[in-house]
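First the structure, in the form of structure tokens, and then the observations on it.
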Amino acid sequence: KRMFNFCAGPAALPEAVLQKAQAELLDWQGRGLSVMEMSHRSAEFTSVAERAEQDLRDLLSIPSDYRVLFLQGGASQQFAQIPLNLLGEDGSADYIDTGIWSRKAIEEASRYGHINVAASAKEYDYFAIPGQNQWQLSDEAAYVHYTPNETIGGLEFNWIPEVGDKPLVADMSSTILSRPIDVSRFGLIYAGAQKNIGPSGLVVVIVREDLLGKAHSKCPTMLDYRVAADNGSMYNTPPTFAWYLSGLIFQWLKEQGGLEAMERANDAKQRKLYAAIDASELYTNPINVADRSWMNVPFRLADDRLDKPFLAGAEERGLLNLKGHRSVGGMRASIYNAVPEAAVDALVAYMAEFEKQHG
Ligand code: PLP
């Protein structure tokens, strides 16, 4: 029996996709072998790879002057790869600090150049996003980096920053594909796959063509976006199975009605969960209402001695992985695309039942 999985990542995948992958695991489309066993340069895998890219382009309406790269190393490697490609030999960049993931990006980029923290949510204890009128952007920045959704803190931008002619760089790991976005507002978007895209082992980079070919002279060949783009993300052997499975997810998203349909479903889910938290005496979410994440909903119980019994009861009811990140404690429900509204209904019902017993 499949449980309701609220894991932040690797996260729940659509059951229909896993079933399809299972059905063709040993014999992909009558070829008598698994997709995992094919050359990445074969006509068969090329068709899988190209279809995945096209479906992602369709879903996000990616303009033709953007390249889509399927890379390895996770979003964390992008923390270095971005400055190595965009900072130049001795450049600087503006970063916005909204939590743990943006701080990791800042720390890594600082190894390669001057990083100006143009705004920080620290002054709000990371419970709110500083408005753009408080940002101190610098003239010399090669790009502006921000984290549209902080997976751990549960803080999400519901607006796109205005940065003039500077390339806007966004870590969309935990928000990509949750609703439509205007890709043309960005210079570069990156996202670790293991939430809304597919299994781990893959990071997707969507980069405007004019940003290619600017890598630092010491940038490793494997990390040069130009090399990846020129080689169709196959400079070396790519993670073929993760790429294939992500392609199945993109097909599934199209069948669901695309990102407008995802937006409606995700909006309904987040409304229900935050309404339940706000209406209760036992549970709280500290985030400024306008900045609350749709995908990652952290909440605390009034008495943390209740955390253990809460989690044990949840697990008994098939509600898995609700424990908050070790750095913040409490609970966190990640409600990505593949988490159905029925999972939120079950969680809300359990929260009410638990509050009746312990509130
Ligand atoms: N950025 C964000 C917003 C994340 O949520 C995560 C992982 O959860 C990462 C970066 C790191 O991703 P990876 O483990 O793929 O390196």
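The values are calculated or read from the model by the stated rules, or taken from the named source; none is laboratory data. Just so it is clear, the structure is predicted and the values come from calculations on it, not from any experiment. Note that each Cβ is placed from the backbone with ideal geometry, even for glycine, and that neighbours are counted across all protein chains shown.
Key figures for this structure:
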item	result
Residue satisfying condition, being closer than 18 Å to Q78 by Cα and either within 16 Å of the chain's Cα centre (by Cα) or not assigned by TED's automatic domain parsing to the domain that holds L60 (or both), within set L177, L223, L202	L202
Boolean, E123 is more than 16 Å from the ligand (Cβ to nearest atom) and either at pLDDT below 95 or not assigned by TED's automatic domain parsing to the domain that holds H145 (or both)	no
Test: D55 is more than 15 Å from the ligand (Cβ to nearest atom), assigned by TED's automatic domain parsing to the domain that holds V227 and touching a Gly at 6+ places or on another chain (Cβ under 7 Å)	yes
Contacts under 6 angstrom Cβ, first residue in region 8-21 being at positive phi, partner aliphatic (A, V, I, L, M) and away from the ligand (no atom under 16 Å from the Cβ), 6 or more apart	none
Selection from region 1-31 of residues that are more than 16 Å from the ligand (Cβ to nearest atom), touching a strand residue (DSSP E or B) at 6+ places or on another chain (Cβ under 8 Å) and not in a loop (DSSP other than H, G, I, E, B)	F4
Pick from region 1-26, criterion surrounded by fewer than 12 Cβ atoms within 10 Å (Cβ to Cβ) and over 14 Å from Q251 (Cα atoms), ranking: nearest to the chain's Cα centre (by Cα)	R2
Search result, residues across region 85-100 that are assigned to a helix (DSSP H, G or I) and more than 16 Å from the ligand (Cβ to nearest atom)	N85, L86
Matching residues in region 147-198 - criterion: being part of a loop (DSSP other than H, G, I, E, B), more than 26 Å from N288 (Cβ to Cβ) and either within 11 Å of the ligand (Cβ to nearest atom) or of a type in the set (S, T, Y) (or both)	A193, Q194, I197
Residue within region 190-206 that is without any contact (Cβ under 8 Å) to a residue 24 or more places away in the chain and not aliphatic (A, V, I, L, M) present	no
